[in-house]
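Take a look at the structure below.
Quick note: the coordinates plus some simple rules give every number you see, no bench work behind them. Quick caveat: nothing in here was measured; it's all calculated off a predicted structure. Backbone-built Cβ (ideal geometry, glycine too); neighbour counts: all protein chains shown.
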Amino acid sequence: MTTRSKWRRFLMPGIAFQAVVIGGGYGTGREIVEFFLTQGVALGLAAMALTTAIFSLVCAVSYEFARRHSTFEYRSFFRELVGPGAVLFEVAWVVFMLIVLSVVTAAVGSIVRDTFGLPYWSGVAGLALVTVGLVYRGTDALKAAFEAWTVLLFVVFAVTLVAAFATLGPGIESAFLGESAGAPPPVRTWFLAGIAYAGYNLSLIPALLYTVESEVTSRRDAFVAGALAGPIAMAPALMFFIALSALYPGVLDTEVPSNALLEAIGSRSLQVTFQIVLIGTLVATAAGMVQSVNARLGFATAGIETSGSAADGARRGSSASALAGALWMAVAAFFAQFGLIDLIARGYGTATWVFIAVYVVPVLTVGVVRIWRQD
C-alpha cells in the first residue's frame, strides 16, 4: 500500500465530514456567529475545542461500529444499533436534511445576488443543477470533489485569515483582549454551545458512512480516521472565527457574515474567490446529503435496488438518483424563503437535542459496549 493510499484512508472520512459540515451554515459564517462568537472570543474558542473533541470521539466509535457490522448506510447502521428505534433517526434525518438544504439554497441565492449582482433564483437554480449532476455521477465522483475542494478551501481560508490580520488586525487584537466597543457580556453558556453545535452536526456521521466503506478496513483505521475527523472539520472554522472576531460585536446580527468580513477586508478579487469556493462547499453539502438518502434507498444504475452495500446502491449513480436529488432541491427552494438566520436559529436548535437523544447517546453507550464485548 502506498503512503498516499494509507493517508487517504485516514483523511477521507474527515474530509467528507468537513465538506458537508461547512456548507450548512458555517461556510457563510452564520453558524460560527450563532454558536461561538455569541459566547465572546475566549469562551467561543473553548466551545470550539469541545465541539472538536466530541466530533473525534463520536466519529471514531461510529466508524468502528459500522466496520464491525458492515453497516455503511444509516438505515442498517441504526437497525443494528437500536433495532426498531431506527425509525426515529430516519424521521429526524429527513427533517434535518430539509433544513440544511434550505439553508444551503438560501445562502447560495444570497451570495449570487450580493456578490455577482445576479438574480437570487439564478443561484438557486444553479445549485440544483450542479447538485443533481454530482449525484447522477455517484459516490466516487462525490469523494473526488470533496478532496479537491477541501484543499482549495483550506488555501482560501488561510489567505482570508492573513488578509484579515493585515487589514483588520487592531479589531482582532481588541476582540481577543476583550476590549471590543459595545460588546455584550459573555452569555457563559459555552459548554452548552459546544455540545449543541456538535449535536446536530454529528447526525452527518451515519449519513456519510457510504464515503467510509472503502477506507476503514481495520480498528486502527477507524480510530485514527475518527480522531482526525474533528480537527479536519473544525480547522477552517477556527480560521474563520479569528477573522470574524475583527468585526465583533457588530457581526452578530449579519445574515451572511462572510460577506461583511470580505467587504471590510476590501479585496474584490479575494471576495469573488472566497464566494466561489464557498458556493462549491455548499454544493458539496447538498450533494453529500442527497446521496446519503440514495445510499439508504439503494438507487443503482438499473433502477432501484433493495439489497447490497451502500456502494452497490449509490456509487455508480443513476437517473433515479438524479431525480430524487431534483425533488429534494425543489422542496428546499420552497423552505429557503424563510430566511437564513431564522432557519439556523430555530431549526438547528431543535435538531440538536433530537440527534443527541436518538444517535449520540446510543452510540456512546450501546455502541461502545457492543464493540468492547466483541473483542
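Couple of notes before you dig in:
- Label-to-label distance, nm, for residues given as residue 176 and residue 118 (7 Å Cα→Cβ offset): 3.8
- Distance from the range 222-240 to the range 139-171 (C-alpha centre basis), Å: 14
- Square roots of five times the Cα gyration tensor eigenvalues for the chain, Å: 32, 24, 19
- Taking every full run of DSSP H in the chain, the ones that stretch at least 15 Å from end to end by Cα along their long axis and average 0.5 or higher on the Kyte-Doolittle scale are 41-69, 86-116, 120-137, 139-176, 190-201, 219-244, 268-297, 319-335.
- Computed over the chain with a Gaussian network model linking Cα atoms closer than 10 Å, the most mobile of 211, 285, 350 is 350.
- Helix-only arithmetic for the chain: the sum of -39500 (n - 2.57) across DSSP H runs with n ≥ 4, divided by the residue total, places the mean residue ellipticity at 222 nm at -23500 deg cm²/dmol.
- GNM flexibility winner over the chain from 94, 283, 363 (Cα, springs under 10 Å): 94
- For the range 1-131, dividing the convex hull volume of the Cα atoms by the residue count gives 172 Å³ per residue.
- The label point for residue 87 and the one for residue 366, both projected 7 Å from the Cα toward the Cβ, are 1.5 nm apart.
- Selection from 135, 106, 327 lying farthest towards where the dipole of the range 8-373 points positive, charges on Cβ: 135
- Here the Gaussian network model covers the chain, with springs between Cα atoms less than 10 Å apart; of 85, 27, 133, 85 fluctuates the most.
- Residue-span extension gain [residue 189 to residue 6] - 0.36 nm each, minus C-alpha spacing: 61.9 nm
- Net charge dipole size for the range 8-373 [Lys, Arg +1 and Asp, Glu -1 on Cβ; Debye, nearest 20]: 840
- The label-point distance for residue 167 and residue 357, in a model that sets each label 7 Å from Cα toward Cβ, rounds to 4.6 nm.
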